[in-house]
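Engineer: Starting off with a structure, shown below.
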Amino acid sequence: MQITLMQGILIMLVVFICAFDKPTEAFMWFRPLVVAFFTGLCLGDVRLGLSAGAVTELSYLGLLTVGGTAPPDPLFAGLMTTVLAYTTGQDVSAAMGLAIPFALIGQWIHIAANTLFAGFLPAVDKAARRGDEKAIGRILFTSQFIYAGAFALAAFLSVYALQDGIAAFVNSFPERLIHGFEVAGGLMPAVGLALLLKVMLKGENVPYLLIGFVLMIITNCQNILPIAILAGAAAWIIYTGDVRRKAEAAVSKKAEEDYSDGI
């Protein structure tokens, strides 16, 4: 299917807004699930956007920026997974594998922007010495505008201006290669979850992981929403219990201190 000029402009605006949020991570709009949802909305296929966003989000859960490393960009991954599935008719898993080069484009934009913004630091230092907060704000706003603009321009070129060439290139792949991308795309969510568990999994969290796994297997659940609601309820119970115990411990400690002062 073809993407119209209006759809391309709408997607460009979506990418600009999401990329503007990316440096600060204030609303997490740059995550694949959000970007893919709004991309699907612009294309008139919300179901495709949610499907592509969910699969891509799982794949990029554990990709973290550590030190100077910059992982493949999740914003472009969610965007192009949706777009490629829409324009080429490929399965979402295959489209996600095909979207990896575009995620690298986002990675290169991120690296180039950070390199460019290093030249802004002397002006920020001078403004800080003067105590000019407005000047610092203008510099930061300008850098974010440039960053988001670069993402929006690259998205417009990839989504609309070059869509015919990209679609023809993808459709020229032999069926075996497409199947390989589909298999790789199907494996990537498992890799993403494994990377996330490597960071987050602790001894006290293992029982909850096993409970969720058993529930999914026993119920053969095709809809994870009930499991997510149960997990949210369990998290709320644990959180409120921790808050209550900390409050009781603080009261007990204060009572002990008051008693010792009395002695």
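Engineer: Using only the alpha-carbon atoms of the range 202-263, report the extent along each of the three principal axes, biggest first, to the nearest angstrom.
Structural biologist: 63, 21, 14
Engineer: Report P(r) for the range 5-200: all Cα-Cα distances, bin width 5 Å, range 0 to the bin holding the largest distance, values in whole percent.
Structural biologist: Here the calculated profile for the range 5-200 is 1, 8, 15, 19, 18, 14, 10, 6, 4, 2, 1, 0, 0.
Engineer: Got a sec? How would HIS110, HIS179 order by Cβ neighbour count within 10 Å, fewest to most?
Structural biologist: Fewest-to-most ranking of HIS110, HIS179: HIS179, HIS110.
Engineer: Continuing with this model, one more query. Under a crude label model (7 Å from the Cα following the beta-carbon direction), how far is GLU204 from GLU133 in nanometres?
Structural biologist: My value for the distance between the label points is 3.8 nm.
Engineer: Take every Cα pair under 8 Å in the chain that's 6+ residues apart, average their separations, divide by the length, and report that relative contact order as a whole percent.
Structural biologist: It rounds to 23 percent for the chain.
Engineer: Shifting gears a bit: Evaluate the charge dipole of the range 202-263 about its Cα centre and quote only its size in Debye, nearest 20, assuming +1 on the Cβ of each Lys and Arg and -1 on the Cβ of each Asp and Glu.
Structural biologist: Computed charge dipole of the range 202-263: roughly 300 debye.
Engineer: Return the Rg/Rh ratio of the range 83-137 with Cα-based radii and a Kirkwood Rh.
Structural biologist: Values: Rg = 19.8 Å, Rh = 14.3 Å.
Rounded to two decimals, Rg over Rh is 1.39.
Engineer: With runs of 4+ DSSP H residues as the only contributors, calculate the mean residue ellipticity of the chain at 222 nm using -39,500 (n - 2.57) per run, divided by the residue total and rounded to the nearest 500.
Structural biologist: Helix contribution divided over all residues of the chain: -26000 deg cm²/dmol.
Each value in this text was obtained by applying a stated rule to the coordinates, not by laboratory testing. This is a predicted model, so every value here is computed, not measured. Backbone-built Cβ (ideal geometry, glycine too); neighbour counts: all protein chains shown.
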